[in-house]
Structures are given as C-alpha cells and as structure tokens.
1. Which residues, taken from segment 24-64, are more than 16 Å from the ligand (Cβ to nearest atom), over 25 Å from L217 (Cα atoms) and in contact with a His (Cβ under 9 Å, 6 or more places away or on another chain)?
2. Residue by residue through segment 346-360, note down the ones that are hydroxyl-bearing (S, T, Y) and either more than 29 Å from the chain's Cα centre (by Cα) or crowded, with 19+ Cβ neighbours inside 10 Å (or both).
3. Just checking, which of A304, A334, A327 is surrounded by fewer than 19 Cβ atoms within 10 Å (Cβ to Cβ), on the phi < 0 side of the Ramachandran plot and at pLDDT 85 or above?
4. Filter segment 152-183 down to the residues that are under 16 Å from the mean Cα position of the chain (by Cα) and either over 20 Å from E96 (Cα atoms) or not in a helix (DSSP H, G or I) (or both) and list them by number.
5. Within segment 145-198, count every residue that is surrounded by 13 or more Cβ atoms within 10 Å (Cβ to Cβ) and farther than 30 Å from R115 by Cβ.
6. Is segment 54-64 home to any residue that is surrounded by fewer than 19 Cβ atoms within 10 Å (Cβ to Cβ) and not in a helix (DSSP H, G or I)?
7. Taking segment 94-113 as the search range and keeping residues that are buried (at least 17 other Cβ atoms within 10 Å of the Cβ) and in a helix (DSSP H, G or I), which one is nearest to the ligand (Cβ to nearest atom)?
8. The conditions are (1) modelled with pLDDT under 95; (2) under 19 Å from A55 (Cβ atoms); (3) of a type in the set (G, A, S), and S159 fails exactly one of them. Which is it?
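The values are calculated or read from the model by the stated rules, or taken from the named source; none is laboratory data. Computed from a prediction, not measured in an experiment: that's the story for all the values here. Quick reminder, even Gly has a Cβ in these numbers, built from the backbone with ideal geometry, and neighbours come from all protein chains shown.
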Amino acid sequence: MATLSAMLSLLSTLAGHVAQRAALARLLTVGRPAHALLFEGPVGVGKSTLASAVAATLACLRPNGAESDRPGDACGSCRSCLALARGEHPDVARVEAQGRTIKIEQVRALAPRLRYEPVLGRHKVVLLLEADRMGEEAANALLKTLEEPPSRTHFLLVSSRPQLLLDTIRSRCQTLRFGPLAAEEICTVLASEAAQRGQAIDPALLRLGAALGDGSLSAARLRADPAWHPVVAAVVDAVVHLGLRPVGHEVGQVEVLSALIASAPALQTGGDADADPNPEAGTGSKGKGLDRERLLVCLDLLRAVLRDAVLIGAGIDATSLPHAPWAAALQGLARRVGVEPLASAIEELERTEAASVYNPSPQLALEATLAAMARHARAGR
Ligand SMILES: [Zn+2]
C-alpha cells in the first residue's frame, strides 16, 4: 500500500478553516464519520493537508478526546502516529493521479489490503487526492467498494472540481466544504514557513503574494517568492506608464514581460490543465515566448495593479493594498488618467482573458490588449 509523505499533520495546528476544523474535531471525537468524506474547495487552500490530519486521527490508537484542549488531534506518539511520521503506514494509503488520471489499476490495487483488519492503526484510511481525476472505470470500481464499505475503513476524497465526480459517489460521501483562505491567514502561514527555513522575508512581498494568491496558499507562496518581484515591478511599470510611451512599443514590452515570467519560478497548473484545449501551449512549455499560461499570469498581475490604482483613485487608504510599495506612482497614474479609463482598461483585460482559450497567439493578444489599454489612458483627462 502506498504511504503518506513522512509528515504527521495535526488538525489543531493547520492554517485557517476554523469552523471546518472545529466541525471535524467534533466529528472525530463525539460524531460518527461516514465511510467516505469528501473535502471539496478551491485549489491550494489546504484540503489535502486537512485530509491527511483526519487520516492520522482515524488511524491513531490514542486520539485526543472531546475534553482535550486539542480535540480530534492524533496523539503523535503511538505506533500508528510514529509509522505515519516515518511515511510508512500499512493501513493508510494515498492514491493520486499518475499523469492526468487515477487509473483503475490504482483503485483495484487497494482491494486485497481492504479485506483485512487494520495492522497497526484503529482504522484503515484511503486518501484519494484530486479524486475528480478518476477515469470512468476507476470511479466505478471505487463506487463498488463504497457500496459495500469494508469494516473499519474510511475513504477521504479530496477535490477542487467535485462537479466532475460521479453523482453516485458524491451521494455516498459526507461533504466538507472549504473556502479560500483569508489574506491574513496566508501571510501567517508564509511567514512561519519562512521562519522555519531561517529566511527573512519582506512583509510587503508577503502581503502582495497573499493578495495575488486569491485565497490559495500555493499560489500565494509562489507570488511571495522574491524571484517574482521583478515580474511584479515590470507589470507595475507598464501600468504606471500607460499612454505615455510611443504607440507600437508594446511589442518590446511583451517580450520583456514574457522573458521575466519565463525565468520566474514555475506556476502550478491549478488542476485546470484538462480544460486547456491546447495543452502544448500551456504549462510545461519551456520556451521564452508567451504561452497561454503566461498570458493569464500577466493578465492577473495587470488586473491586480489596475484594481489598486482604481481604489487609490477612489480615495482608499493605499497602505492596506497589495501594491502599497508603489502607492505614489499609482496615485500619480490615477490622477493623470482618471478612474473610468482605468476601469475600461480592466475590461480590456477581461475580454482578452475570456477569449484566450481560442487565441492562437497569446503574444499578439497581449500586445493588442496593452495597446487598447494605452488608448483608454490617453483618452483620459
Ligand atoms: Zn497516535
């Protein structure tokens, strides 16, 4: 049976999701968790880590009771917990996509072990990460198992696209929903991760990462990486100078932005790779040109900067905004151009984003968008 990563997650120490963690703690102490639990919510908010913590508690021989100050946590010291911490637990299996899908062989491979009683822990646990990536055969094989659940066994399904799961599987699961993390929660986690690595991290960059991560810890972690700073600075520079540079300079500007994004740390696909009808142009291409993935990153960053300029123009206190370090320049832009042309520029971005799936040339699309944004800026006051 495959094993968990060599790390024991405890429910009480995880970030965010206070109400859901309290509900899980109740379920694990005084409740009766269903044979199948579905952890659903956006990418990168900690669903897998929470499911791992629940797996640890279900397997633990002496889990904390309801009266404990950390109810529902695994004890951390029994044979089961020690095996999990070593990453080798015979009763806890972790199934994840091989390539793009979870294959039927992976689900079938669970069967022999599910017939027996737990070897080490209190319960057997199967963690199915990105469960929506099960192909039809795999899903039907799992459904058969869920229809006659083996004794003392729990299935923990994790999914950011639960609508792709079979209805018959969903209806057998007790569903736990997780929303985006708050920016402060993300900042706290990123700061503590940096401290653990002994790294000093610029608080402004942390706030920026948290804001651009849009509730996803993994996206925020990436955006707070100092290696992303030159990209953000170049995007801010492009926005601040909207309409001031000669017509046609967008060609060179897009080349600079593409090269900067290409040399920044790789983005996660966000589990949407399947939605891309043109996968060879998506994540994973190593060229310096602007592929669709990089176009979308660029549009996101541009929109975030423009949004801050609009808010500053509307009189919002700039210190609380993600792009606070550039507040003076953005203030200047808002004063020079006016708020409405900036809002029109945001609409241009949104149109480009919506059309990006069908656009054969992300490079040309971004050039045209920047040119249109510059026209709006010139038309301003
Ligand atoms: Zn334990």
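1. If the condition is that a residue be more than 16 Å from the ligand (Cβ to nearest atom), over 25 Å from L217 (Cα atoms) and in contact with a His (Cβ under 9 Å, 6 or more places away or on another chain), then P33, A34, H35, A36 are the ones that fit.
2. T352
3. A327
4. V158, S159, S160, R161, R177, F178, G179, P180, L181, A182, A183
5. Qualifying residue count, segment 145-198: 17.
6. Yes, segment 54-64 has at least one match.
7. R113
8. (1)
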